[in-house]
Amino acid sequence: MWDKLKEQFNLLKLEKKRLYLITDSEKFISKDDFLDAIASALQGGVDIVQLREKIIPDSVVVEIARKVRTLCDEYGATFLVNDRPDIARISEADGVHLGQDDISVEDAREILGQNAIIGKSCHNTDEIISAVNEGADYVTFGPIFTTLSKSGEYIDFAQIQWVLENIDIPVFLTGDITLTNIQELSQTGANKFVITNSIMYARVPEYSAREILKYLP
């Protein structure tokens, strides 16, 4: 019974989350500068942090993950690890975010436990429906507009509207989302966004996060 209540509490927390930061340490001179940017973003209102570091050694990722866990605890934010349920478990993250080619949601729960938060990247409505059927707790949906890190087609406002009207789990829009276009996106009724560059590489991440949140219903 307690496990079920805890699972429901985790999902309720997700419903209230609006600003989801995916990290990128590539342009930071030091780990301290990178962690300072995350702390600043959290101070500005980021309420989910996904640690996404693909090119640094696992030992360093674990070290950073433990520090980000502490930061998220300090600010009451949810902490997720990209792709790696093993590192998520070691660092006591709240869960893991999976890509389309990663292990299944079911297998991730086997590693992290039934109360872990499991998210999945989706790029079309069929993938979202599949993720819901798999038991994902939330999905990211994109890319919106265009983004330098992705290639191929991007989703349009009609697809966003369909998802908002038909999908029951939280959906976070992702892509080339900036202060310039977020007001237009929020007018669709969307209020959950994934952002990297506009916050991570802002001169003051806290200020950028606060400005973005002004446009979210």
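The values are calculated or read from the model by the stated rules, or taken from the named source; none is laboratory data. Values in this document were obtained by computation on a predicted structure and should not be read as measured data. Counting neighbours? That spans all protein chains shown, and the Cβs are built from the backbone with ideal geometry, glycine included. Ligands, DNA and RNA are stripped out before the accessible areas are found, and what is left, the full protein with its side chains, is counted by its heavy atoms. Shrake-Rupley method; radii C 1.70, N 1.55, O 1.52, S 1.80 Å.
Structure notes:
- Across the stretch 130-144, not a single residue is classified as open to solvent by 20 Å² or more (accessible area, probe 1.4 Å), among the hydrophobic types (A, V, I, L, M, F, W, C), out of contact with any strand residue (DSSP E or B) (no Cβ under 8 Å at 6 or more places or on another chain) and more than 15 Å from G44 (Cα to Cα).
- Residues in the stretch 19-60 that are modelled with pLDDT under 95 and either at positive phi or in contact with a Phe, Trp or Tyr (Cβ under 7 Å, 6 or more places away or on another chain) (or both): S25, K27, F28.
- Residue among E92, E127 that alone is of a type in the set (D, E) and either within 29 Å of T70 (Cα to Cα) or open to solvent by less than 30 Å² (accessible area, probe 1.4 Å) (or both): E92
- Of all the listed residues (K31, K67, K27), the sole one being of a type in the set (K, R), surrounded by fewer than 21 Cβ atoms within 10 Å (Cβ to Cβ) and within 21 Å of T174 (Cα to Cα) is K27.
- Failed item, numbered, when E134 is tested on (1) over 28 Å from S25 (Cα atoms); (2) of a type in the set (D, E); (3) at pLDDT below 95: (3)
- Residues of the stretch 95-115 satisfying the condition of being open to solvent by 10 Å² or more (accessible area, probe 1.4 Å) and under 17 Å from the mean Cα position of the chain (by Cα): G99, Q100, D102
- Number of positions in the stretch 183-202 that are surrounded by 20 or more Cβ atoms within 10 Å (Cβ to Cβ) and at pLDDT below 90: 1
- First in the stretch 189-210 and on the phi > 0 side of the Ramachandran plot, second anywhere and among the aliphatic types (A, V, I, L, M), Cβ under 9 Å, 6 or more apart: G189/I160; G189/L164
- When the stretch 78-103 is filtered for residues that are within 21 Å of F141 (Cα to Cα) and out of contact with any Gly (no Cβ under 9 Å at 6 or more places or on another chain), the ones remaining, listed by number, are R84, D94, G99, Q100, D101, D102, I103.
- Taking the criterion of being open to solvent by less than 30 Å² (accessible area, probe 1.4 Å), farther than 22 Å from D137 by Cβ and either polar (S, T, N, Q) or assigned to a helix (DSSP H, G or I) (or both), the residues of the stretch 42-64 that qualify are V61, V62, I64.
- The set of residues in the stretch 187-209 being farther than 26 Å from Q161 by Cβ and part of a loop (DSSP other than H, G, I, E, B) consists of Y201, A202, R203, V204.
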